[in-house]
Every structure is written in C-alpha cells, then in structure tokens.
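Q: Let me begin by handing over the structure; questions about it come next.
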Amino acid sequence: MKNRLSRIIKPKTGRTLMLAVDHGYFMGPTAGLEQFDKTVEPLIPYADALMLTRGALRNYIKPEYDIPIVLRISGGTSIIGKELLHEGIITSIEDAIRLNACAVAFSIMVGADFERDTLLALAQVIDEAERYGIPVLAVTAVGKEMERDARYLSLACRMAAEFGAHMVKTYYCKDFTKVVETCPVPIVIAGGKKRPEKEALEMAYNAIQEGAVGVDMGRNIFQSEDPVAMIQAVRAIVHEDATPDEAFKLFNDIKEERKKT
Ligand code: R5P
C-alpha cells in the first residue's frame, strides 16, 4: 500500500501531479480527448500518475510506458442521463490488479438522493482493495445544484476518509484550509471546467499552498492551447513551489519555443 502511494505522491516533494483523462466514462469523446493517444502521450513524461478507465488504458496507452495508473472504477450514468454521478462499481479490483493499477478511483455523491448507494459502494471497494494493498482515491463529486463551499466539501472529504479512503479528490474553494485541516488523508484538487491558463495556475498554487498534496487536473491541461506547456507550468507549481506569475511565464516561454519547432 505505502509503496503504491509513494509511486503516486512523490516522496521527494510529498506532492503529485496526477493527469486526469478519465472523462470519457461519463462524457464520451470529451473535447481534447477525441484522439486520446495523440493528446495524452506527449504529456506522460511530465505527469506523476495517469487517471483513466480500463478501456482507455487498454486501447490508448502502450504497456511500455512507466507511469503509475490510477484506475477509474466507478461509473454507470452519463452526462445526459437523469441522475448525474449515481455511480456503481464498473471494474473489479481483480481487473485493476491485472492492469497493474497503483490505485483505484471511485466517485461518491454526498447530499444527493442516492448518496447511500455511492457510499456503500465506496465501502465495498475499500474492503476489496485493502485485501490487496491497493489505495483508493475517493472522488467527492458535486452535483450541479450543490455549492462547492468549504462546509460541504469538508463534509464529503471527511466522510470519505472515515470510510477508509487513502486519498481524496475534491475542488478548491474559499477557506480551503478548513477542508484540508479536517481531512486526515492527502487531498488533491480537480481542475474543473477549462478556464484561462493564468487562473488555473493560480488555483493550483493556492490549493498547494493551503495544504493540497497536488492536483488531479484534466481539462485545464488537455484543453489548453498548448497542453505540453501547460502541464510543465502546473508541474513547476506542484513540485517547485513556483508562483503563478513564474509558472505563467514558463507556460508562455515553452509555448513560444514549441512554435519554432
Ligand atoms: C470527474 O470526476 C473526473 O474524474 C475528472 O477526472 C475530474 O473532474 C478531473 O478533471 P478536471 O480537472 O477536468 O475536472
């Protein structure tokens, strides 16, 4: 368990840059990931871990790549369905092991009608994963009608940790330190919808400075006008404590350099 966690959260800095490219499991061919391998392959050298589904792993990622896999194992509803994120188990722990996953990711929906289903499924996944020393990343999903504030997110994160999750993924919010301080396991933040590069870098910086161990970022990297430059800028924030200004300059410098080649 500890070895697997150390492959994801790098012991040298105690931080991680997880690249989230699992969106297809409920969003289908997400903008930027239509040609999955073309977008993701150039980003792999700069990511500490890759979060994706078994189908994406099988079809798009060469087995030769030395990148820890965080396998998305929850799903069951789509972005156009009536119940967004009412998820159950879509991949067994045995298959996660067969695919050499370093961790599995499961979404819970606290505060929705079906919260009980997702929480009991999380408990089941943790029981099965513990048997084999596989860490579980609980994803605190947020419905369209729910406030992404510290009160709600600290409830969801703490509940996930009390259920036995080994890491939690949540959203950055005002008073984020409250979320971090009341959660006994490492927290990574999702990026959310695409925003201007400078803003995304500021959000990553604030989250890290306020106690997140890293990011599990997707659209703000792979939908950037230059994803390869963006992931390196985020990396500077995560592992080198670069300020948003320094990271944004790095983004622009790499982008300009890459235009020449
Ligand atoms: C949603 O639950 C998916 O797991 C995504 O991986 C997650 O939202 C992170 O991606 P993004 O930074 O695009 O929000």
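Q: Among the residues of segment 92-116, which ones are open to solvent by 20 Å² or more (accessible area, probe 1.4 Å), part of a loop (DSSP other than H, G, I, E, B) and either under 18 Å from His23 (Cα atoms) or of a type in the set (D, E, K, R) (or both)?
A: Selection gives Asp113 alone.
Q: Considering only residues that are exposed (fewer than 15 other Cβ atoms within 10 Å of the Cβ) and within 13 Å of Met109 (Cβ to Cβ), look in segment 144-155 and name the one that is farthest from the ligand (Cβ to nearest atom).
A: Ranking the candidates gives Glu145 first.
Q: While we're on this one: Can you tell me which residue within segment 125-153, out of those that are assigned to a helix (DSSP H, G or I) and of a type in the set (D, E, K, R), is nearest to Asp113 (Cα to Cα)?
A: Arg151
Q: Go through segment 168-228 and tell me which helices (runs of 4 or more DSSP H), entirely inside it, have 2 or more residues that are surrounded by fewer than 21 Cβ atoms within 10 Å (Cβ to Cβ).
A: Those helices (runs of 4 or more DSSP H) span 176-181, 197-209.
Q: Inspect segment 175-194 for any residue being more than 30 Å from Met1 (Cβ to Cβ), under 20 Å from the mean Cα position of the chain (by Cα) and away from the ligand (no atom under 12 Å from the Cβ) and give the result as yes or no.
A: No, segment 175-194 contains no residue that is more than 30 Å from Met1 (Cβ to Cβ), under 20 Å from the mean Cα position of the chain (by Cα) and away from the ligand (no atom under 12 Å from the Cβ).
Q: Can you tell me which of Leu52, Leu85, Leu119 is open to solvent by less than 70 Å² (accessible area, probe 1.4 Å), over 23 Å from Arg7 (Cβ atoms) and modelled with pLDDT of 90 or more?
A: Sole residue among the options that is open to solvent by less than 70 Å² (accessible area, probe 1.4 Å), over 23 Å from Arg7 (Cβ atoms) and modelled with pLDDT of 90 or more: Leu119.
To keep it simple, each residue is scored yes or no on (1) of a type in the set (Asp, Glu); (2) more than 21 Å from Pro42 (Cβ to Cβ); (3) within 12 Å of the ligand (Cβ to nearest atom).
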position: Cys157; (1), (2), (3): no, yes, no
position: Met167; (1), (2), (3): no, yes, no
position: Tyr172; (1), (2), (3): no, yes, yes
position: Gly211; (1), (2), (3): no, yes, no
position: Met217; (1), (2), (3): no, no, yes
position: Asp226; (1), (2), (3): yes, no, no
position: Ala229; (1), (2), (3): no, no, no
position: Glu246; (1), (2), (3): yes, yes, no
position: Thr261; (1), (2), (3): no, no, no
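Q: Looking at segment 228-261 only, could you name the residues that are touching a Phe, Trp or Tyr at 6+ places or on another chain (Cβ under 8 Å), of a type outside the set (Val, Ile, Thr) and within 15 Å of Glu199 (Cβ to Cβ)?
A: Hits for segment 228-261 are Met230, Ala233, Pro244, Ala247.
Q: Taking the residues in segment 158-177 that are out of contact with any Leu (no Cβ under 9 Å at 6 or more places or on another chain) and among the basic types (Lys, Arg) as candidates, determine which candidate is nearest to Arg131 (Cα to Cα).
A: Only one residue tops the list, namely Arg158.
Q: Pull out all pairs, ordered by first then second residue, where Cβ-Cβ is under 8 Å, the residues are six or more apart or on different chains, the first lies in segment 239-257 and is within 10 Å of Glu202 (Cα to Cα), and the second is surrounded by 18 or more Cβ atoms within 10 Å (Cβ to Cβ) and not hydrophobic (A, V, I, L, M, F, W, C).
A: From segment 239-257, the pairs are Thr243/Tyr205; Pro244/Glu202; Pro244/Tyr205; Ala247/Tyr205; Phe248/Glu197.
The values are calculated or read from the model by the stated rules, or taken from the named source; none is laboratory data. Keep in mind that what you see is a predicted model, and the values were worked out from it rather than measured. Cβ sites come from the backbone with ideal geometry, for glycine too, and all protein chains shown count toward neighbours. For accessibility, only protein heavy atoms count, side chains too; no ligands or nucleic acids. Shrake-Rupley method; radii C 1.70, N 1.55, O 1.52, S 1.80 Å.
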